[in-house]
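Notes for the one structure printed next.
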């Protein structure tokens, strides 16, 4: 192979294809019940995938900041679990899907909000975050969210002010919770902290890293910082899976099959534990308050790459067992002198990858990434599949398409 420019990763190409396809989708409308959100451009659209080891694939408006809104709810739930403990959390907020809209007043017979993903549960959750004042709670939340994102995040004060000025229903919910002793003191400091929590600015890349941190058992893939205690990751992902998409949660789990959370700012975050996270940003919302483009992209990605949580991939060892070159590999046959001399001179440019285990999307992505990183310097790449126990159809297609793209380069 020559040193010509390596073709884009197949994963990257798929994202670009999806972006071009769904940029044409015009269904839905920008949220206007919070006046500041109504200023969003319907054309904004970004897609980002981040793997558990920090590999990034992105296309479109992935650096454009927007407010996190309800996608904040699972992350604040994790903080509350750490600060107040699971027993206290469950005594105040239950974990059943409501099947109703995000701002519904859904309480169980004990007066508990049905789950932490609807507004009533999320307001109660913020009340259980450490701190007696709005400022203390916001500092705790912002610091933790920044650990998830891998950078310092800030709050859009204009949006926060807009939410506070128009949040009469949320105030009613907060006082109703006080009536049932979910709050045992004035709920307004927690409510104001909730408004600011929803107004934290993120971009699509931040969201994908926040999701990848959950997928990576609470540790940021690049910084190595822990954002949440590992014991609580499964609790966070569980409520995302069952309640994260409001009254469309069942349909989402059936068709996409990844724990997820949406926000009326236009973001959707989906997490595949142990593998990756997908974030999509597009402010056109469907009737459920979910990003219309985000739903379409996640549904197609899940179908194409078999990312459904219940598409059980068999666990295996590290997919790349050994990486070497032809100068360090012996042969059972005697080579002619000219072949021996050729290998001695150029064998370092013949890369040999020994692959092992069960190849699903995440494992195959790692192999493809290695192929691309070696392609420019290598004369040839040999893949040894003798220890591969299973290769699914998606992985087979990805590998064949990658081989075709590499072979098709100029020689």
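The values are calculated or read from the model by the stated rules, or taken from the named source; none is laboratory data. Bear in mind the structure is a predicted one, so any value in this text is a computation, not a measurement. Note that each Cβ is placed from the backbone with ideal geometry, even for glycine, and that neighbours are counted across all protein chains shown.
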The lone exception for residue 235 - which of (1) touching a residue at least 60 places away in the same chain (Cβ under 8 Å); (2) farther than 18 Å from residue 145 by Cα it fails | (2)
Specify the residue that is nearest to residue 14 (Cα to Cα); the eligible residues are those in region 383-402 that are free of Cβ contacts under 8 Å to residues at least 40 places away in the same chain and touching a strand residue (DSSP E or B) at 6+ places or on another chain (Cβ under 6 Å).
-> 395
Within region 280-299, can one find any residue that is modelled with pLDDT under 85 and part of a helix (DSSP H, G or I)?
-> no
Of the residues that make up region 352-368, is at least one more than 17 Å from residue 304 (Cβ to Cβ), modelled with pLDDT of 85 or more and part of a helix (DSSP H, G or I)?
-> yes
Looking only at region 146-157, decide whether some residue is in a helix (DSSP H, G or I), within 25 Å of residue 92 (Cα to Cα) and touching a helix residue (DSSP H, G or I) at 6+ places or on another chain (Cβ under 9 Å).
-> no
Taking the condition modelled with pLDDT under 95, surrounded by fewer than 23 Cβ atoms within 10 Å (Cβ to Cβ), in contact with a strand residue (DSSP E or B) (Cβ under 8 Å, 6 or more places away or on another chain) and in the same structural domain as residue 279 (by TED's automatic domain parsing), does residue 110 pass?
-> no
Taking region 203-232 and keeping only residues that are in contact with a helix residue (DSSP H, G or I) (Cβ under 8 Å, 6 or more places away or on another chain), assigned to a loop (DSSP other than H, G, I, E, B) and either surrounded by 19 or more Cβ atoms within 10 Å (Cβ to Cβ) or not assigned by TED's automatic domain parsing to the domain that holds residue 45 (or both), one is left with 218, 220, 221, 227, 228
In region 174-202, how many residues are buried (at least 23 other Cβ atoms within 10 Å of the Cβ) and touching a strand residue (DSSP E or B) at 6+ places or on another chain (Cβ under 9 Å)?
-> 8
If you go through 227, 208, 212, 249, the only one that is over 19 Å from residue 57 (Cα atoms) and within 15 Å of the chain's Cα centre (by Cα) is 227
Scanning for something within 27 Å of the chain's Cα centre (by Cα), part of a loop (DSSP other than H, G, I, E, B) and either within 22 Å of residue 66 (Cβ to Cβ) or free of Cβ contacts under 8 Å to residues at least 40 places away in the same chain (or both), does region 125-140 turn up at least one residue?
-> no
